[in-house]
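Undergrad: So that we are looking at the same thing, I have put the structure below in structure tokens.
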Amino acid sequence: MAAVHDDHAHGHGHGHEHGHDDHAHGPPKGMMRWLTTTNHKDIGTMYLWFSFSMFIVGGLMAFGIRAELFQPGMQLMTPEFFNSLTTNHGLIMVFGAIMPAFVGFANWQVPMMIGAPDMAFARMNNWSFWLLPPAALLLVSAFFVPGGAGAGGWTFYPPLSIQMGMGMDMMIFAVHILGASSIMGSINIITTILNMRAPGMTLMKMPLFVWTWLITAYLLVLVMPVLAGTVTMLLTDRHFGTNFFNAAGGGDPIMFQHIFWFFGHPEVYIMILPAFGIISEILPTFSRKPLFGYSSMVYATASIAILSCIVWAHHMFTVGMPVTAQLFFMYATMLIAVPTGVKVFNWTATMWQGSMSFETPMLFAIGFIFLFTIGGFSGVVCAVIPVDIQVQETYYVIAHFHYVLVSGSLFALFGGVYYWLPKWTGHMYDESLGKLHFWLSMVFFNVTFFVQHFLGLAGMPRRVPDYALQFADFNMISSIGAFGFGLSQLVFLTVVVKCICGGKKAEAKPWDGATTLEWDLPSPAPYHSWVTPPVVK
Amino acid sequence: MSVAQENTVIMKKLLIFSVAMFGFGFALVPLYEKICEVAGVNNLLKADTLTENIQVDTSRWLTVELDANTRGLPWQFKPMQASVRIHPGEMVEVMYEVRNNSDREVAGQAIPSYSPQLLAQHLKKLECFCFTKQVLKPNEVRQMPVQFMIEPSLPSNVSVMTISYTFFELNSDSADTGGKAKPI
């Protein structure tokens, strides 16, 4: 995608309303810069650091979980606290780490990749970020209120969620705030992509990362309000005498699961579609070939998004449903494997006969394809009703969704960070440390989660702090892997901090195979980029 | 129209859409009930009607165990007999007794539960105290009937089954169990 542009940031007509008051000078100094900024790059940076700190918090909770499960018996904590840890580990990783990280990527990359000067609503952008820290504070401080933090699982299932103490209310409010933030972020991203593309950048010329985010943002405005409605119903059941889910008053706890998963399943794809986008940027660059089957990638992404809205009940095959309904949800779920397969084959074909090189982003991308596919396959296994009845609520499910969320979403995020760090910081990261981070993550991830497949098939239930003796060996292996995986992330932190502080100067286009617009900007990307939009041919 | 104005138009549309989806979340509640009604699931609190003439299968005996529980209300609740032996297709009536041990008026609702699960499809109840709420005056004792029939279509490998009822308290603050939850 060649672009003609003028990267002289100041000489332009007054065609753009946003960023109009500060384009002639750099950012203000100190704390106020970050509190008041409306610059998409600053906000993107804040999103990324926020999500990294939440990743550490959620990771520490995982440390607690795996430490308790290191040996059978109760060693370190009360069962209630263990339940709080599993609940909040899930909630924080989903809403605090993975989702804000992708929004951070969207903030940094979407305007640069479509040739826009900033996000469409710069002030709202600031606000959607600053809603996150209070929500995180609510989630974490719930551990210190009487009764402890919510402990009924991240899915808020009643009756537990209508019985617990005020920790549950804090969890509900946190989800309200996070939902509002996500909706605002999505509206911003959709508007930016639809209305602020550079001249000549038609929809079908957009980089795939932008496409996947456009579709993700639509999914977010579709289902986030439904989640807000669901937790509002929980709240009124708890405090205002309604009986939506309270069986005692004629409500139906199973209905909660239906409404929750109407949100929850598209949410799964909200966390993976932008990852698909990042991988689709990295692979062509390091294979030095255009992405194989661009338009089929776009259609596959859209199909996955649409299908994701009609498969929710596969999370609840065991609640008692008519067989017809079960069959519908089983076949619809299996159907998702088709567009996902299209993507995996396209990625493989992109690498085929390419002039490949294996820098850290590419390693993470290949690791992603390899491990995400394993997670996808175990997903198809879980879609088969009789098998699902067997593995429901066991460690098999834990293994499945960590293969798609950790080695899927998280690996794509790591890959994306390494890929764009030179553009963000203006320095090259330490390649050998980056590779070390990849290999440590790759090995320890599999040590942690592969054995959980066996535990699940053998019947070890999830969300239980103790287990029968026959599970002891695999649990110890898994715990060792988890400690290793957690510590490996310190390498990542080191690489990023080193890269921000200095390092080899990055060229405008440090990857010779890169083709998207952001590489036409100098490195580091100027505070205001594409003030004069490039013309895409 | 300038870019900023167009942006505002898009934002307004998306905001309206988000608000509509918030409403849709609540609309799922009646929709869910309607679907359950149409699909014939979850009609635990309604009397069944017998449309066809069902023959009693005297060659087969079924044991129906009766179970009674209370949850959070000061009642004593028990079946008058622990179990009944019946034929499929036979209409039977069993009695339960409930006693209000407190000196206040308490309203309760019984929720049925069946084991094995597939019994639900073959159990036809013509009368049950669970179809309405029960209000007991202080220290009142009440005997309540359940009239039911188990269809001969019940799979032949099932011979023992359980019908269980749990009484829940019904009053304005019964839903507010949040404040009462104690850390263990």
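The values are calculated or read from the model by the stated rules, or taken from the named source; none is laboratory data. Owing to the predicted nature of the structure, the values given are computational and were not obtained by experimental measurement. Cβ atoms come from the backbone with ideal geometry, glycine included; neighbour counts cover every protein chain shown.
Conditions tested, residue by residue: (1) of a type in the set (Lys, Arg); (2) surrounded by 24 or more Cβ atoms within 10 Å (Cβ to Cβ).
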| position | (1), (2) |
| --- | --- |
| A:392 | no, no |
| A:435 | yes, no |
| A:448 | no, yes |
| A:464 | no, no |
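Undergrad: Of B:112, B:88, which residue is more than 15 Å from the chain's Cα centre (by Cα) and crowded, with 16+ Cβ neighbours inside 10 Å? Reasoning before the result, please.
TA: On the way: B:112 fails: more than 15 Å from the chain's Cα centre (by Cα).
Going through B:112, B:88 in turn, just one is more than 15 Å from the chain's Cα centre (by Cα) and crowded, with 16+ Cβ neighbours inside 10 Å: B:88.
Undergrad: If we keep just the residues of the stretch A:173-182 that are hydrophobic (A, V, I, L, M, F, W, C) and surrounded by 24 or more Cβ atoms within 10 Å (Cβ to Cβ), which is farthest from residue A:225 (Cα to Cα)?
TA: The initial filter retains those residues of the stretch A:173-182 that are hydrophobic (A, V, I, L, M, F, W, C), namely A:173-175, A:177-178, A:180.
Narrowing further to those that are surrounded by 24 or more Cβ atoms within 10 Å (Cβ to Cβ): A:174-175, A:178.
Values: A:174: 14, A:175: 11, A:178: 11 Å.
Restricting to residues being hydrophobic (A, V, I, L, M, F, W, C) and surrounded by 24 or more Cβ atoms within 10 Å (Cβ to Cβ), the top hit is A:174.
Undergrad: Pairs under 8 Å by beta carbon, first residue within 17 Å of residue A:443 (Cβ to Cβ) in the stretch A:350-370, partner outside any helix (DSSP H, G or I), six or more apart or different chains?
TA: Within 8 Å, the pairs are A:360/A:429; A:366/A:358.
Undergrad: Filter the stretch A:419-448 for residues that are among the aromatic types (Phe, Trp, Tyr) and touching a Pro at 6+ places or on another chain (Cβ under 9 Å) and give the result.
TA: First, pick out the residues of the stretch A:419-448 that are among the aromatic types (Phe, Trp, Tyr): A:419-420, A:424, A:429, A:438-439, A:444-445.
Passing the criteria: A:419, A:420, A:424, A:429.
Undergrad: Can you name the residue in the stretch A:290-325 that is buried (at least 19 other Cβ atoms within 10 Å of the Cβ) and within 14 Å of another protein chain (Cβ to nearest Cβ) and is also nearest to the chain's Cα centre (by Cα) among such residues?
TA: Result: A:312.
Undergrad: Right, here's the next one. Taking the residues in the stretch B:3-34 that are hydroxyl-bearing (Ser, Thr, Tyr) and at the interface with chain A (Cβ under 7 Å from one of its Cβ atoms) as candidates, determine which candidate is nearest to residue A:180 (Cα to Cα).
TA: So in the stretch B:3-34, the residues hydroxyl-bearing (Ser, Thr, Tyr) come out as B:8, B:18, B:32.
Restricting the remaining residues to those that are at the interface with chain A (Cβ under 7 Å from one of its Cβ atoms) gives B:18, B:32.
On the way: B:18: 10, B:32: 26 Å.
Across the stretch B:3-34, the extreme among qualifying residues is B:18.
Undergrad: Can you find, within the stretch A:44-79, the residue that is nearest to residue A:118 (Cα to Cα) among those that are part of a helix (DSSP H, G or I) and small (Gly, Ala, Ser)?
TA: Looking only at the stretch A:44-79, we keep the residues that are part of a helix (DSSP H, G or I), and these are A:44-68, A:79.
Then drop every residue that is not small (Gly, Ala, Ser), which leaves A:44, A:51, A:53, A:58-59, A:62, A:64, A:67.
On the way: A:44: 11, A:51: 21, A:53: 25, A:58: 31, A:59: 33, A:62: 37, A:64: 41, A:67: 45 Å.
Ranking the qualifying residues of the stretch A:44-79, first place goes to A:44.
Undergrad: Write out, first by first residue and then by second, each pair whose Cβ atoms fall under 6 Å of each other, whose residues are 6+ apart or on separate chains, and whose first residue, in the stretch A:184-205, is at positive phi while the second is of a type outside the set (Lys, Arg) and surrounded by fewer than 24 Cβ atoms within 10 Å (Cβ to Cβ).
TA: Here the result reads A:200/A:535; A:200/A:536, each pair linking the stretch A:184-205 to a residue that is of a type outside the set (Lys, Arg) and surrounded by fewer than 24 Cβ atoms within 10 Å (Cβ to Cβ).
Undergrad: Could you tell me which residue of the stretch B:98-118 is nearest to the other protein chains (Cβ to nearest Cβ), considering only residues that are more than 20 Å from residue A:320 (Cα to Cα) and in a strand (DSSP E or B)? Give the steps one after another, and end with the answer.
TA: Of all residues in the stretch B:98-118, those more than 20 Å from residue A:320 (Cα to Cα) come to B:98-110.
Narrowing the set further to residues that are in a strand (DSSP E or B) leaves B:98-100, B:106-110.
Details: B:98: 16, B:99: 20, B:100: 17, B:106: 13, B:107: 11, B:108: 9, B:109: 7, B:110: 10 Å.
My answer is B:109.
Undergrad: Across the stretch A:156-166, what is the total count of residues that are assigned to a loop (DSSP other than H, G, I, E, B) and surrounded by fewer than 17 Cβ atoms within 10 Å (Cβ to Cβ)?
TA: Filtering the stretch A:156-166 for residues assigned to a loop (DSSP other than H, G, I, E, B) gives A:156-159, A:164-165.
This time we only want the ones that are surrounded by fewer than 17 Cβ atoms within 10 Å (Cβ to Cβ), so: none.
Number of matching residues: 0.
Undergrad: Moving on. Tell me the residue from A:198, A:149, A:120 that is outside any helix (DSSP H, G or I) and at the interface with chain B (Cβ under 10 Å from one of its Cβ atoms), please. Quick ask: steps written out before the conclusion?
TA: Working: A:198 fails: at the interface with chain B (Cβ under 10 Å from one of its Cβ atoms); A:149 fails: at the interface with chain B (Cβ under 10 Å from one of its Cβ atoms).
Just one listed residue meets the conditions, A:120.
Undergrad: Farther than 23 Å from residue A:221 by Cβ and within 14 Å of another protein chain (Cβ to nearest Cβ): is that true of residue A:172 in this structure?
TA: Working: farther than 23 Å from residue A:221 by Cβ: no; within 14 Å of another protein chain (Cβ to nearest Cβ): yes.
No, not satisfied.
Undergrad: Quick test of your reading of the structure: residue A:441 fulfils all but one of (1) assigned to a helix (DSSP H, G or I); (2) farther than 26 Å from residue A:280 by Cβ; (3) among the hydroxyl-bearing types (Ser, Thr, Tyr). Name the failing condition by number.
TA: (2)
Undergrad: What number of residues within the stretch A:224-242 satisfy the criterion of being among the β-branched types (Val, Ile, Thr) and either more than 9 Å from chain B (Cβ to nearest Cβ) or surrounded by 21 or more Cβ atoms within 10 Å (Cβ to Cβ) (or both)?
TA: So the answer is 3.
Conditions tested, residue by residue: (1) of a type in the set (A, V, I, L, M, F, W, C); (2) surrounded by fewer than 24 Cβ atoms within 10 Å (Cβ to Cβ).
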residue	(1), (2)
A:70	yes, yes
A:73	no, yes
A:80	no, yes
A:93	yes, no
A:105	yes, no
A:126	no, yes
A:130	yes, yes
A:146	no, yes
A:152	no, yes
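Undergrad: For residue A:400, are the conditions met, namely being within 21 Å of residue A:279 (Cβ to Cβ) and not aliphatic (A, V, I, L, M)?
TA: Details: within 21 Å of residue A:279 (Cβ to Cβ): yes; not aliphatic (A, V, I, L, M): yes.
For residue A:400, the condition - within 21 Å of residue A:279 (Cβ to Cβ) and not aliphatic (A, V, I, L, M) - is met.
Undergrad: Taking residue A:347 and the conditions (1) closer than 17 Å to residue A:380 by Cα; (2) at pLDDT 95 or above, which numbered condition does it fall short on, given that it satisfies the others?
TA: (1)
Undergrad: Among A:465, A:422, which is part of a helix (DSSP H, G or I) and in contact (Cβ under 8 Å) with a residue 40 or more places away in the chain?
TA: Numbers: A:465 fails: part of a helix (DSSP H, G or I).
Going through A:465, A:422 in turn, the sole match is A:422.
Undergrad: Might you let me know whether the stretch B:65-79 holds any residue that is farther than 30 Å from residue A:169 by Cα, modelled with pLDDT of 90 or more and surrounded by fewer than 14 Cβ atoms within 10 Å (Cβ to Cβ)?
TA: The answer is yes, given that some residue of the stretch B:65-79 is farther than 30 Å from residue A:169 by Cα, modelled with pLDDT of 90 or more and surrounded by fewer than 14 Cβ atoms within 10 Å (Cβ to Cβ).
Undergrad: For a quick check of your reading: which helices (runs of 4 or more DSSP H) sit entirely within the stretch A:223-336 and have at least 2 residues that are touching a Lys or Arg at 6+ places or on another chain (Cβ under 6 Å)? Outline the logic, then answer.
TA: Working: elements: A:253-270, A:273-287, A:294-307.
Result: empty, no element qualifies.
Undergrad: On to the next question. Would you be able to say whether some residue in the stretch A:211-223 is within 7 Å of chain B (Cβ to nearest Cβ) and either under 30 Å from residue A:280 (Cβ atoms) or in contact (Cβ under 8 Å) with a residue 12 or more places away in the chain (or both)?
TA: Taking the stretch A:211-223 first, the residues within 7 Å of chain B (Cβ to nearest Cβ) are A:221-222.
Still in the running and either under 30 Å from residue A:280 (Cβ atoms) or in contact (Cβ under 8 Å) with a residue 12 or more places away in the chain (or both): A:221-222.
The answer is yes, given that some residue of the stretch A:211-223 is within 7 Å of chain B (Cβ to nearest Cβ) and either under 30 Å from residue A:280 (Cβ atoms) or in contact (Cβ under 8 Å) with a residue 12 or more places away in the chain (or both).
Undergrad: Moving on to the next point. Here is a check on your reading of the model: is residue A:82 more than 14 Å from chain B (Cβ to nearest Cβ) and of a type outside the set (Val, Ile, Thr)?
TA: On the way: more than 14 Å from chain B (Cβ to nearest Cβ): no; of a type outside the set (Val, Ile, Thr): yes.
So residue A:82 fails the test.
Undergrad: Of the conditions (1) loosely packed, with under 14 Cβ neighbours inside 10 Å; (2) farther than 30 Å from residue A:125 by Cα, residue B:56 clears all except one; give me its number.
TA: Condition (1) is where residue B:56 drops out.
Undergrad: From the residues in the stretch B:38-49 that are surrounded by fewer than 12 Cβ atoms within 10 Å (Cβ to Cβ) and modelled with pLDDT of 75 or more, which one is nearest to the other protein chains (Cβ to nearest Cβ)?
TA: Per the criteria, the residue is B:38.
Undergrad: A further question follows. Quickly run through the stretch B:119-141 and pick out the residues that are away from chain A (no Cβ under 14 Å) and under 24 Å from residue B:52 (Cβ atoms).
TA: Selection gives B:122, B:123, B:124, B:125, B:126, B:127, B:128.
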